[in-house]
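Worksheet: one structure, shown below.
No value in this document is a laboratory result; all are computed from the given coordinates. What you see is a predicted model; the values in this text were computed from it and never measured. In this analysis, Cβ positions are derived from the backbone assuming ideal geometry, glycine residues included, and neighbour counts consider all displayed protein chains.
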């Protein structure tokens, strides 16, 4: 069956015979490569997440320009611009946007801003990995 998942984690389970404890999704999981991706049942839909290999550890920090270029490459520049230009930004958020030369992955302003833009922690990790790969 292709619609099985763990009710605790949401992770897709590949099994021919379902166990009683397994959750059953309304639709079959999409095709994905279990070597490089994971598939989760979340909010009544399947979500595929890229796995991070040991060679692709999330950097602790990247330069602001690398981060902005990674956001642009991921198609998230408009979301960032909307967030950055919102009149509701706090002083700390404006200082981060305008002055930070380095973006630290553990920065609370960055984490909150990403959440405001709908960026998941996994996506933020991938953006940091992609940003670190950009040579300036």
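If you go through segment 75-99 and keep only what is part of a loop (DSSP other than H, G, I, E, B) and surrounded by fewer than 16 Cβ atoms within 10 Å (Cβ to Cβ), you end up with 75, 85, 86, 87, 88, 90.
Okay, residues lined up against (1) at negative phi; (2) touching a strand residue (DSSP E or B) at 6+ places or on another chain (Cβ under 9 Å):
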| residue | (1), (2) |
| --- | --- |
| 18 | yes, yes |
| 23 | yes, yes |
| 38 | yes, yes |
| 43 | no, no |
| 83 | yes, no |
| 86 | yes, no |
| 99 | yes, no |
| 103 | yes, yes |
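Residues in segment 31-48 include none that are farther than 21 Å from residue 127 by Cβ and either in contact with a helix residue (DSSP H, G or I) (Cβ under 9 Å, 6 or more places away or on another chain) or part of a helix (DSSP H, G or I) (or both).
For segment 119-136, the set of residues classified as part of a loop (DSSP other than H, G, I, E, B) and touching a helix residue (DSSP H, G or I) at 6+ places or on another chain (Cβ under 7 Å) consists of 134, 136, listed by residue number. Of the numbered criteria (1) free of Cβ contacts under 8 Å to residues at least 60 places away in the same chain; (2) within 15 Å of the chain's Cα centre (by Cα); (3) more than 30 Å from residue 8 (Cα to Cα), the one residue 39 fails is (3).
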